[in-house]
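Below is one structure, written out as structure tokens; comments come after it.
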Amino acid sequence: MRPLATGGLTRDPKFPDLPTAAESGFPGFEAVQWLGLLTTAGTPADIVARINLEVNRALHDPDLVAKLAMQGTTAAGGTADEFKTLILDEVRNWKDIAQKASIKAAE
């Protein structure tokens, strides 16, 4: 098996010679896996801020960063608003793609 391209907008530092899909002729293509932590709607802002602070602190711990890297994952972190924007952008993007491809949800 030989990888052809990565799904990110930038090259993966672990595979610097592997082009992105955009570099391979698919401009704007991005398909990456991400993980995040969610809570229930209506959680008080101070609680969300505290959870966000602690998660970001953990994502900067060298031991955790190393363990994630061993699994091929890069710790990113960020703000709750940035994560909300990411989710909304992903839903909009994949919804548009599914509609253009006439993909329907299973019932």
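For the chain, carbon and sulfur atoms together expose 61% of the accessible surface, with a 1.4 angstrom probe and every protein chain in place.
For the chain, the relative contact order is 14 percent, taking Cα pairs closer than 8 Å that sit 6 or more residues apart in sequence and dividing their mean separation by the residue count. Proximity of backbone amide H atoms, modeled 1.01 Å from N, is registered between T20 and T6 at under 5 Å, excluding neighbours fewer than 5 places apart on the same chain. Against the set (1) 23, 15, 13; (2) 27, 16, 12; (3) 28, 23, 11, the structure's computed semi-axes √(5λ) of the Cα gyration tensor in Å falls on (3). Computed from phi, the 3J(HN,Hα) profile of the stretch 58-68 under the Karplus parametrisation 6.51, -1.76, 1.60 (θ = phi - 60°) reads 4, 6, 9, 6, x, 5, 5, 4, 5, 5, 5 Hz, with x in place of Gly and Pro. Pairs of Lys residues in the chain that lie 8 or more places apart, or on two chains, and have C-alpha atoms under 25 angstrom apart add up to 5.
The values are calculated or read from the model by the stated rules, or taken from the named source; none is laboratory data. All of these numbers come straight from a predicted model, not from anything done at the bench. Calculation scope for accessible area: heavy atoms of the full protein, side chains included, ligands and nucleic acids excluded. Shrake-Rupley method; radii C 1.70, N 1.55, O 1.52, S 1.80 Å.
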